[in-house]
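Working notes, structure below.
The values are calculated or read from the model by the stated rules, or taken from the named source; none is laboratory data. Every value quoted in this text rests on a predicted model; they were computed, and no experiment measured them. Methodologically, a virtual Cβ is constructed for each residue, glycine included, from the backbone with ideal geometry; neighbour enumeration extends over all protein chains shown.
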Amino acid sequence: MAEEVVLLDFWVSMFGMRVRVALAEKGIKYEYREEDLRNKSDLLLQMNPVHKKIPVLIHNGKPICESLIIVQYIDEVWNDKSPLLPSDPYKRAQARFWADFVDKKVYESGRKLWTTKGEEHGAAKKEFLEILKTLEEELGEKPYFGGETFGFVDVAFVTFYSWFNAFETFGEFSMEAEHPKIIAWAKRCMQKESVAKTLPDQQKVYEFVLGMRKRFLGE
Amino acid sequence: MGEEVVVFDVWVNPYSRRVETAMRLKGVPYRYIEEDLGNKSPLLLKYNPIHEKVPVLVHNGNPIAESLVILEYIDETRPQGFPILPRDPYERATARFWSKFIDDKCMPAITQACWDEGEASDKAVEEATELLMFLENELKEKRFFGGERIGMVDIAANIVGFWLGTIEEVTGVELMTRDKFPKLSNWSIEFVRSNVIKENLPPREGVISYLRKKRLTR
């Protein structure tokens, strides 16, 4: 049966990037469709009526939503190569826990770095750096969050690397100075073709965030 | 699974009950430790240093936190028992989607709709109603979200199936009315009556009395 795989996405979304990395890891051919988030397509609204968000993976006409759910789906369907989740149930549970932690914490906290000012901004920076510290401790001496091989938690977090320049600039800190292990890990991931070819240039992301910040703060 | 399993729990907490339900569905014996959230035990803090919350499942000394993560773990370590998640990848993705929807969207909206006051509450009631409507429509003609038998989404929806009724009674906010939500209303009756669930729910009067006290201190 011919597989039809379509991805509704937005170039700068770190959530969409997770799906693109997973698809690349598995060598899956798919059609990429860029959404204009200020003018969402009928297809997007039809395929994700609950959240109306990207990414949405459409596999043989059936939609799957929520990036980490999509990545697990991809891992389960295309299970012949590059496993993303570990095979041991306890390690799988830990992978799900940490991917969930990234989901709950990194985006919201990172967002505050470019949407707040003054005291609020100071608190946001402290919070963000604490979150990164927790992740750095979880990484420990391992080459990847997944251990010896690139896995689910790496996919969940590495896409934020493309936003690091923006976080650093608006957060007023240096990632390399504060969390060198995270930078080393990210660069290691970037050696993988699936990651390097997916993540957009940090400068482009920074310019996008700058534009959003101006609109958000009314500057 | 077998060996030593401990569940850190709070009797009135729906998230904790999810874990106990799954354990009972699989027929796995476990030791229950009641936590006082105002005075968390050193063990809980050791086993869940990141979130410091219940439930936590400890299997042979190895802790797992976050109720939905625990449900999947229980299902995977006892694959021959009662299936909590479907086997088909697409259906699994769907089950995960609705479970996450309940946690990320429904819970906060229900909390806001029922506990907030004034204008903020009206808007929150509107939002919660919209969100519950998605669940109403997802049920379609099924007896349970899991089909003929309860599954992960039903277990996750315990908040809607049991706790919501108690919150509505205590706060006087009406969210899940029968005329607006006939399917969800029927489902909640089936849910609380189904075997393992009914054995595992906290006493309704106990929950109501607990929530009334909580309301006074807000």
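Can you say whether B:Leu71 is buried (at least 16 other Cβ atoms within 10 Å of the Cβ), hydrophobic (A, V, I, L, M, F, W, C), touching a residue at least 60 places away in the same chain (Cβ under 8 Å) and within 11 Å of chain A (Cβ to nearest Cβ), as far as the supplied structure shows?
Against the criterion (buried (at least 16 other Cβ atoms within 10 Å of the Cβ), hydrophobic (A, V, I, L, M, F, W, C), touching a residue at least 60 places away in the same chain (Cβ under 8 Å) and within 11 Å of chain A (Cβ to nearest Cβ)), B:Leu71 qualifies.
State all residues of region B:16-47 that are free of Cβ contacts under 8 Å to residues at least 60 places away in the same chain, surrounded by 12 or more Cβ atoms within 10 Å (Cβ to Cβ) and under 16 Å from B:Glu199 (Cα atoms); if no residue qualifies, say none.
Once the filter is applied, which keeps residues that are free of Cβ contacts under 8 Å to residues at least 60 places away in the same chain, surrounded by 12 or more Cβ atoms within 10 Å (Cβ to Cβ) and under 16 Å from B:Glu199 (Cα atoms), region B:16-47 yields B:Ser16, B:Val19, B:Met23, B:Lys26, B:Val28, B:Tyr30, B:Tyr32.
Any residue in region B:113-137 that is closer than 16 Å to B:Arg215 by Cβ and free of Cβ contacts under 8 Å to residues at least 12 places away in the same chain sitting within a Cβ distance under 7 Å of a residue that is part of a helix (DSSP H, G or I) and not acidic (Asp, Glu)? List the pairs, counting only those 6 or more apart or interchain.
B:Asp116/B:Ala124
If we keep just the residues of region A:84-102 that are within 18 Å of the chain's Cα centre (by Cα) and within 25 Å of A:Glu193 (Cβ to Cβ), which is surrounded by the fewest Cβ atoms within 10 Å (Cβ to Cβ)?
So the residue we want is A:Leu85.
Take region B:140-160 and flag every residue that is farther than 14 Å from B:Leu25 by Cβ and surrounded by fewer than 19 Cβ atoms within 10 Å (Cβ to Cβ).
B:Lys140, B:Glu141, B:Lys142, B:Arg143, B:Gly147, B:Glu148
So for region A:109-125 (the condition being without any contact (Cβ under 8 Å) to a residue 12 or more places away in the chain, of a type in the set (A, V, I, L, M, F, W, C) and within 9 Å of another protein chain (Cβ to nearest Cβ)), does at least one residue qualify?
no
For the condition in the same structural domain as A:Lys104 (by TED's automatic domain parsing), among the basic types (Lys, Arg) and crowded, with 16+ Cβ neighbours inside 10 Å, what is the one hit in A:Lys133, A:Lys125?
Checking each option against the conditions leaves just A:Lys125.
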